[in-house]
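Novice: Mind having a look at this structure? Questions to follow.
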Amino acid sequence: MKKIMILGGGPNQIGLLKAAKKCRYIVILCDKNPNCIGRSLSDSFYEVDTIDDEKLLKIAIKEKIDGVISNSEAIMENVAIIASELGLRGNSRESISILNSKEMFRDFQQEIGLYAPKHAIVENIDELSNMLSDFEFPIIVKPVKCSGTRGTEKFESLDVEKIRETVNSCMNYSRNKKCSIEEYVEMSSLIVLEGDVFLNQGKIFFGGLFFTQRSKELPMVPMTYMSPYIDSQKHMRIIEKTLIEIFDKLKIRHGQYNIEAYFNKDDLLFIIEINARQGGHGLPAYVKLATGIDLDKALVTTAVGDDEYFDNIMNEQFEQKYATRHTIFGNKDGILNGLYISEDIRPYVVSIELEKKIGDSVEKRKNGSSYIGFVNLVFENYELQHKYSENIEDYIYPIIR
């Protein structure tokens, strides 16, 4: 029986834990929280900090694991260390480090000739004023090592004091206490490319890509996901060629990666980031709703060397639905009093996932983590899907008092 180690037992790992149990694998779970939500799905539990690579490696050797995975960006380098040390499927720590760092990834893009904006790293707040004089506005300020758009802010013009406050905030959010400043790349539309690509032994599955409608108020924040992703043949060739080149240059051959990208006004592909993990906001379950493909199962099975399910994904035609997943954000601070769903769109709603209860305090949207819940919908065709999804906050919104 295969034995898999999963690092982290929080909500983001539940899909992986359930998939491993369904495959009848022995699950070795590591988390510093003895009361973590995933513990009941494990066969053996170790109370250990998942950033402690030495202790994790000792556990992996002791348990004689067949594979190791996680769905936490901060832990993925330790996944790589364990896999490399034990000769398991995975990638080098160096390659994952590049994806995990906005600084290193921008440098990497420029080194291999891909489009990337002018950028700089702030390590000392006293250097800020001199650095800003070299930039054309608007600019984006964000943490170097962080996910969920926490701390990220766009500035249309120079405001040194406000930018200084944001830089300090970003340094606190960033795992390495550094902040990134880069010139803002204008979007041709608020609808951009996002989704998960999957690699196994160098083969790439692109079926987890979809559109994302960004918020008008905060264009850095993903809001409404729309599958399938349909674009011109030219754009699709550029997207696939660029991603293949990135993974090839980094020697990445295994795992699931969340992509955010768009074509700028000059029709150049800008890869915002590639996260070395599954997409957040329940995106693996959304991909399954849209395509029937279980990316949790694919990640679990390929990690232990079982390629049957992945080969089926690559070789068989999957059934594509016109599925939308909308993230519910508040337009003000207050108390959640209900959820409005227009009668026009209600027939297409298949499920509602509220993270907040009626009577809970909610906040005005400020980043990707300040959501109230999600609504999943399935439409009859592409035109109907985009008619509603591109203006979905007219049809679905929280009632806040």
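Novice: For region 240-259, indicate whether the set of residues that are in a loop (DSSP other than H, G, I, E, B), touching a helix residue (DSSP H, G or I) at 6+ places or on another chain (Cβ under 7 Å) and farther than 30 Å from Leu128 by Cβ is non-empty.
Specialist: Yes: one or more hits.
Novice: What about Val79, is it touching a Leu at 6+ places or on another chain (Cβ under 7 Å) and within 24 Å of Gly279 (Cα to Cα)?
Specialist: yes
Novice: Picking from Phe137, Phe105, which residue would you name as being under 15 Å from Val185 (Cα atoms) and touching a strand residue (DSSP E or B) at 6+ places or on another chain (Cβ under 7 Å)?
Specialist: Within the list Phe137, Phe105, the selection yields Phe137.
Novice: If you check Arg106, Arg150, which single one turns out to be within 21 Å of the chain's Cα centre (by Cα), in a loop (DSSP other than H, G, I, E, B) and crowded, with 18+ Cβ neighbours inside 10 Å?
Specialist: Checking each option against the conditions leaves just Arg150.
Novice: Let me ask you something else. So which strands (runs of 3 or more DSSP E) are wholly in region 1-62 and hold at least 1 residues that are modelled with pLDDT of 95 or more and small (Gly, Ala, Ser)?
Specialist: 44-47
Novice: Follow-up question, since we're still on this one. Would you check which residues across region 335-364 are in contact with a Ser or Thr (Cβ under 9 Å, 6 or more places away or on another chain) and of a type in the set (A, V, I, L, M, F, W, C) and list them?
Specialist: Passing the criteria: Ile335, Leu336, Val362.
Novice: Right, next: Pick from Met171, Met220, Met187: which is touching a strand residue (DSSP E or B) at 6+ places or on another chain (Cβ under 9 Å), farther than 30 Å from Ile51 by Cα and either surrounded by fewer than 21 Cβ atoms within 10 Å (Cβ to Cβ) or among the aliphatic types (A, V, I, L, M) (or both)?
Specialist: Of the residues listed, the single one that is touching a strand residue (DSSP E or B) at 6+ places or on another chain (Cβ under 9 Å), farther than 30 Å from Ile51 by Cα and either surrounded by fewer than 21 Cβ atoms within 10 Å (Cβ to Cβ) or among the aliphatic types (A, V, I, L, M) (or both) is Met187.
Novice: Of all residues in region 153-168 being assigned to a strand (DSSP E or B) and not hydrophobic (A, V, I, L, M, F, W, C), which is surrounded by the most Cβ atoms within 10 Å (Cβ to Cβ)?
Specialist: Across region 153-168, the extreme among qualifying residues is Glu153.
Novice: Right, another one. With Leu336, Leu354, Leu299 as the choices, which residue is within 22 Å of the chain's Cα centre (by Cα), crowded, with 17+ Cβ neighbours inside 10 Å and not hydroxyl-bearing (Ser, Thr, Tyr)?
Specialist: None of the others qualify; the one that does is Leu299.
Novice: Next question. Could you tell me which of the residues Ser157, Ser180, Ser133 is within 22 Å of Ser369 (Cα to Cα) and among the hydroxyl-bearing types (Ser, Thr, Tyr)?
Specialist: Ser180
The values are calculated or read from the model by the stated rules, or taken from the named source; none is laboratory data. Quantities reported herein were computed from a predicted structural model and do not represent experimental measurements. So basically every Cβ, Gly included, is an ideal-geometry build from the backbone, and we count neighbours across all protein chains shown.
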